[in-house]
Amino acid sequence: MDWLKQANQSYPIWSVNVMDALWKNYETGVGVVNGISAMPSMHVERRCFSRCSASPAASAGCWLLTGFALAIFIGSIHLGWHYAIDGYVGALVAVFGWWAAGRIVAWDRRLCGAS
């Protein structure tokens, strides 16, 4: 964070200003957003869920979405939004959610007699 704040002096980094504003709102209870939540990382979760939903036949799209999810994961840590564990848990939530949704759909199709 010290490095980000120092770099922000020369090259404005919008995330530093947003984090400062969020923290000020959290401390004072004044502002549009008063809560801070980082676990799990919904930034990473959404990207991993998008990757799970990509058609396996579209291999180029799968690779692009995988790269994008990794970039969001690394960026969220580097910019100080999340710890790595937040991203790991977000990715696990996405993968488990995708898996569970598949089981529910398969169960429903069996129940309704659809193939």
Worksheet item: Do we find a residue being out of contact with any helix residue (DSSP H, G or I) (no Cβ under 7 Å at 6 or more places or on another chain), at pLDDT 75 or above, in a helix (DSSP H, G or I) and not hydroxyl-bearing (Ser, Thr, Tyr) anywhere in the stretch 26-39?
Response: no
Worksheet item: When residues of the stretch 40-57 are filtered for being at pLDDT 80 or above, among the hydroxyl-bearing types (Ser, Thr, Tyr) and not in a loop (DSSP other than H, G, I, E, B), how many remain?
Response: 1
Worksheet item: What pairs come up if the first residue lies in the stretch 2-15 and is surrounded by 13 or more Cβ atoms within 10 Å (Cβ to Cβ), the second is assigned to a helix (DSSP H, G or I), and their beta carbons are under 7 Å apart, counting only those six or more places apart or on different chains?
Response: Leu4/Val16; Lys5/Val16; Asn8/Val16; Ile13/Leu4; Ile13/Ala7
Item to complete: Please give the number of the condition Ser76 fails out of (1) touching a Phe, Trp or Tyr at 6+ places or on another chain (Cβ under 7 Å); (2) under 15 Å from Ser15 (Cβ atoms).
Response: (1)
Discussion item. Let me confirm something: among Trp98, Trp81, which residue is surrounded by 14 or more Cβ atoms within 10 Å (Cβ to Cβ) and assigned to a loop (DSSP other than H, G, I, E, B)?
Written reply: Trp81
Practice prompt. Among the numbered conditions (1) modelled with pLDDT under 80; (2) under 23 Å from Trp3 (Cβ atoms); (3) not in a loop (DSSP other than H, G, I, E, B), tell me where Ala60 comes up short.
Written response: (2)
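The values are calculated or read from the model by the stated rules, or taken from the named source; none is laboratory data. Keep in mind that this is a model prediction, so the values were computed, not measured. Positions of Cβ are generated from backbone atoms using ideal geometry, with glycine treated the same way; all protein chains shown enter the neighbour counts.
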